[in-house]
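Here is the structure we will look at, set down as structure tokens.
The values are calculated or read from the model by the stated rules, or taken from the named source; none is laboratory data. Only a predicted model underlies this, so the values are computations on that prediction, with no experimental measurement involved. Cβ sites come from the backbone with ideal geometry, for glycine too, and all protein chains shown count toward neighbours. All accessible areas refer to the heavy atoms of the entire protein, side chains included, with ligands and DNA or RNA removed. Shrake-Rupley method; radii C 1.70, N 1.55, O 1.52, S 1.80 Å.
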Amino acid sequence: MPPATSSDTKSLASSRLAGTLFQTPHFPGGLLLLGGIAASYLPRSDGHGTIRIGADYLGGILNTLFLILGAIALLVPAYQSQGKAGLGKEFLRVAALMLAETIFVHLLKVITGLWLKILSRPSGGWQGFPSGHTSAALVMSYLLTCRYPRLAIVWYAFAGLIAWSRVESGAHFPYQVVGGAIVGIFTLFLLER
């Protein structure tokens, strides 16, 4: 059998990458996230009913609880399995990703809203682009899926619902939640390679 060439090795590596992409727990979860973002393009409700109230709660207090409880769900097992060293390592990972995501989001909000005076919220506020809630929920969903892969669909579905809720509640336009998802993906690509 002839030895493998450089192009054979690259082809094999790329086919393995493509194969593992579709086998990873992030893939079906990511499809649910895309579904939530796609749902944000549907017509909004009248603004006063149960759907609007649910969207307000989902994008408000439930989003905050998701982020806080998600961080706890990541940190406690790290401490239990590896002690202070594991806790410190996981804390730095979670903090670095969430802080970087927040910095990227707010930097873009300042550039597009304050300096360029474009991409404002539906209410006219300058902090419209991108959606920080969507970005943070995506990053947390990724982190939780790394720790609890069997629940990937739950984590990403929740992120998708948060994306939808930001549009339904009138806080963002649909393209702003798409921008938030892109910032979250960019943050993960930059820091999790």
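Structural remarks
- List I162, I53, ordered by accessible area with a 1.4 Å probe, largest first: I53, I162
- Sequence-distant contacts, meaning Cα pairs under 8 Å at least 6 residues apart, place the relative contact order of the stretch 55-193 at 31 percent.
- Farthest towards the positive end of the charge dipole of the chain, among the residues T64, G35, Q82, is the Cα of Q82, using unit charges on the Cβ of Lys, Arg, Asp and Glu.
- If only the Cβ of Lys and Arg carry +1 and only the Cβ of Asp and Glu carry -1, the dipole of the chain around its Cα centre is close to 240 debye.
- With a Förster radius of 41 Å applied to the C-beta separation of A96 and I51, the computed FRET efficiency comes to 0.70.
- Dipole moment magnitude, nearest 20 debye, the stretch 54-138 about Cα centre, only Lys, Arg, Asp, Glu C-beta charged: 180 debye
- Spacing of the modelled spin labels on F27 and I68, each 7 Å from Cα toward Cβ, amounts to 3.7 nm.
- Theoretical ellipticity at 222 nm over the chain - DSSP helices of four or more residues, -39500 (n - 2.57) apiece, nearest 500: -24500 deg cm²/dmol
- Per residue accessible area of the chain, 1.4 Å probe, in Å²: 57 Å²
- Taking every alpha-carbon pair under 8 Å whose residues sit at least 6 apart, the stretch 98-176 reaches a relative contact order of 30 percent.
- Where only alpha carbons of the chain are counted, the Rg and the Dmax (Å): 18.9, 71
- Reported to the nearest whole Å, the Cα centre-to-centre distance from the stretch 81-145 to the stretch 152-182 is 13.
- With a cut-off of 20 Å on the backbone N, the residues of the stretch 158-193 near the modelled label site 7 Å out from L116 along Cα-Cβ are 172-187.
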